[in-house]
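Below you'll find the structure, written out as structure tokens, and then a few comments.
Derivation of every value follows stated rules applied to the coordinates shown; laboratory data play no part. These numbers come from a predicted model, not from an experiment. As a convention, Cβ positions derive from the backbone with ideal geometry for all residues, glycine included, and neighbour counts pool all protein chains shown.
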Amino acid sequence: MKGQGISRVVRLLGAGGVGLVLLLTGWAWLNSRLPDTYAVTEMHAHAGQHTDQRVPARSVIDFVADVSRNADVKVELVAGTEGNRLTFNATSPGPTIRVRQGDLVEVVLRNQDVPDGVTVHWHGVDVPNAMDGVAGVTQDAVRPGEAFTYRFVAEQVGTFWYHSHQVSHQQVIRGLFGAFVIEPAGGAGVEAVALLHSYPGESRSLNGTVGEVRQDAHPGERVRVRIANTDNSPTVVWVAEGAYRLLAIDGTDVNEPTEVTGRKLTLTAGARADLEVRVPESGAARVQAPGVSLVLGPPGAMAPESPAPTEFLDPLSYGTPAPLGFDPATADLEYEYRIGRRPGFLDGRPGYWWTINGKMGRNVPAFMVDPGDVVVMRLSNRSGEVHPMHLHGHHYVVLERNGVAATGSPWWVDSLNVENGDDFVVGFVADNPGLWMDHCHNLPHAREGLMTHLMYNGVGTPFLLGRASGNQPE
Ligand SMILES: [Cu+2]
């Protein structure tokens, strides 16, 4: 009968449809799978970005500090496990490393007993590429019993931090990080370091202490407070009932910072801010972030707490303009870095993953540059969540946010808070050849695919990523 014929056709079509969906899903799964080992350049070649071989290929390991120069500062960092916590030199945060501008810094990293291996990445320090500490890109993870020596010249001045870049979504939160301060050649004035960190399952801490930390300071003294957010999420900081100046962002001085009161400052994950805080003639000053405080004043001096101000200090219009050192209007390259989210497969794992320019995993684009290129990048976020975006080896300057041009001091960052719905235009000069991660510093997000690279044409790497490589930078 006619009806039976139609239902058979429908059934066949239905079976065909299901088969087609299964076939496409299987293809998507297979296509997302990464080889057991692969070089990062091969991954991006898969996405159509071949490293240009016009110039003889150079390797990431070629980019080092002057090998004939002796070290000015020598430090040893021993990575170890203490219960659920990971430590450098048996403490977390690890020791604050202080150097002067121009010093050649030599740090020997030893892995005592961290099973997955470790590395050290110098967050915000524009080191030569071989010293960047990214497992599987610039070095192999340092296995238990092994060591690796980092050597670089501290060219910048400011507040930085260091952390492991092997299985970083676990190792950083569990404690493998510390402060790295580069003082001006003439030495620093009165200052304090404040690392904000939340260990797994614990309340937020400041320099490892939950609640309040005190540091002696004289009445009337001006203190440079070096704050770093080593957590995965943005936070705010403010000064209770007092004025402050924002002296530096991400290790770059603000030009002509003015005094502000009643304003909080956003510090995205990985970001730093140097605040100048004046100790009152009587009592003490209190620098706050939700849950923690740093109190500066004579022993016993009181400083009231205050709720977070509602108004923000906006770096887009703070301070006074100054030359950028390059002209973004004559950019050699313009790139888009569009952050989104959709269901799919990431290296064979089904999930609701982050996308870069609509792609995920092995299909994400790399950003190819040549030395000297002026690059303008448009960063946008329509993924539903905030992302602290971090570029290795370079700083970029914010030119525009949501259609509003920057009018303050040049706002140089290495860690940028990109809220859902935001559109940033940033610019920089490609002046540090190598292969550089350009990723979300909410480290679980990097593991969920919000990670790509700024790659210089002609640069390769002998190191491998992939499940059989032993290297897993995220
Ligand atoms: Cu993110």
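Listed highest first by mean packing, meaning other Cβ atoms within 10 Å per residue, what order do 399-407, 15-23 come in? Write out the running numbers ahead of the final one.
Values: 399-407: 14.4, 15-23: 10.0.
My ranking of the peptides, most packed first, is 399-407, 15-23.
Per-residue HN-Hα couplings for region 333-338, Karplus 6.51 cos²θ - 1.76 cosθ + 1.60 at θ = phi - 60°, whole Hz, x for Gly and Pro?
Residue by residue, region 333-338 yields 9, 10, 10, 10, 10, 9 Hz.
Apply the a/c threshold of 1.5 to the C-alpha gyration tensor of region 54-204 and tell me whether it is rounded, prolate or oblate. Don't skip to the answer; put the middle values down first.
Numbers: a/c = 1.84, a/b = 1.14, b/c = 1.61.
In terms of gyration-tensor shape, oblate.
Tell me, what HN-Hα J-couplings in whole Hz come from the Karplus equation 6.51 cos²θ - 1.76 cosθ + 1.60 at θ = phi - 60° for each residue of region 240-253, using x for Gly and Pro?
Along region 240-253, the couplings run 5, 6, x, 7, 8, 10, 8, 7, 7, 10, 6, x, 10, 5 Hz.
Taking the alpha-carbon set of region 191-313, what are its Rg and Dmax in Å?
So, for region 191-313, Rg and Dmax equal 13.3, 41 Å respectively.
Considering only Q170, Q101, T25, whose Cα is most displaced toward the positive end of the charge dipole of the chain, charges sitting on Cβ of Lys, Arg (+1) and Asp, Glu (-1)?
T25
Would you mind calculating the gained length between E385 and A188 on full extension (0.36 nm times residue separation, minus the Cα-Cα distance), in nm to one decimal?
Details: separation 197, 0.36 × 197 = 70.92 nm, distance 3.82 nm.
Stretched out fully, the E385 to A188 stretch lengthens by 67.1 nm.
Looking at the P(r) of the chain, how many percent of alpha-carbon pairs lie beyond 33 Å? List each step's numbers first, then the result.
On the way: 43306 of 112101 pairs.
Within the chain, distances greater than 33 Å cover 39 percent of Cα pairs.
Antiparallel DSSP bridges in region 191-313: what percent, to the nearest 5?
On the way: 31 of 43 bridges.
For region 191-313, the DSSP antiparallel bridge percentage is about 70.
Can you give me the long-range amide H partners of R33? Hydrogens built in the peptide plane at 1.01 Å from N, cutoff under 5 Å, separation of 5 or more residues or another chain.
G348
If region 3-143 were replaced by its equivalent ellipsoid, with semi-axes equal to the square roots of 5 times the Cα gyration tensor eigenvalues, what would those be, largest first, whole Å?
52, 23, 11
If you bin the C-alpha pair distances of region 140-259 every 5 Å from 0, what whole percents do you get?
2, 8, 16, 20, 19, 16, 10, 5, 2, 1, 0
Share of antiparallel DSSP beta bridges in the chain, in percent to the nearest 5?
Details: 91 of 127 bridges.
The antiparallel fraction comes to roughly 70 percent.
Name the residue from G283, Y335, N363 whose Cα lies farthest towards the positive end of the charge dipole of region 207-363, charges +1 on Cβ of Lys and Arg and -1 on Cβ of Asp and Glu.
N363
Dipole of the chain, Cα-centred, from +1 at each Lys and Arg C-beta and -1 at each Asp and Glu C-beta, to the nearest 20 debye?
Working: 37 positive and 52 negative charges, 396 e Å.
Dipole about the Cα centre, nearest 20: 1900 debye.
May I have the extent of the alpha carbons of region 53-116 along their three principal axes, as whole Å values ordered from largest to smallest?
Principal-axis extents of the Cα atoms in region 53-116, largest first: 51, 31, 16 Å.
Got a sec to turn the phi values of region 126-136 into Karplus ³J(HN,Hα) couplings, 6.51 cos²θ - 1.76 cosθ + 1.60 with θ = phi - 60°, whole Hz, x for Gly and Pro?
Here the 3J(HN,Hα) series is 7, 7, x, 3, 5, 9, 7, x, 9, 4, x Hz.
Work out, step by step, the length gained on full extension between A28 and A308: first 0.36 nm times the residue separation, then minus their alpha carbon distance; give nm to one decimal.
Values: separation 280, 0.36 × 280 = 100.80 nm, distance 4.73 nm.
That works out to 96.1 nm of additional length.
Please report, in debye to the nearest 20, how large the charge dipole of region 353-457 is about its Cα centre when each Lys and Arg carries +1 at its beta carbon and each Asp and Glu carries -1 there. Could the numbers behind the result be given before it?
Working: 6 positive and 11 negative charges, 57 e Å.
Result for region 353-457 is approximately 280 debye, rounded to the nearest 20.
Given charges of +1 on the Cβ of Lys and Arg and -1 on the Cβ of Asp and Glu, with all other atoms neutral, how large is the dipole of region 70-188 about its Cα centre, in debye to the nearest 20?
Values: 8 positive and 13 negative charges, 45 e Å.
Computed about the Cα centre, the dipole is about 220 debye.
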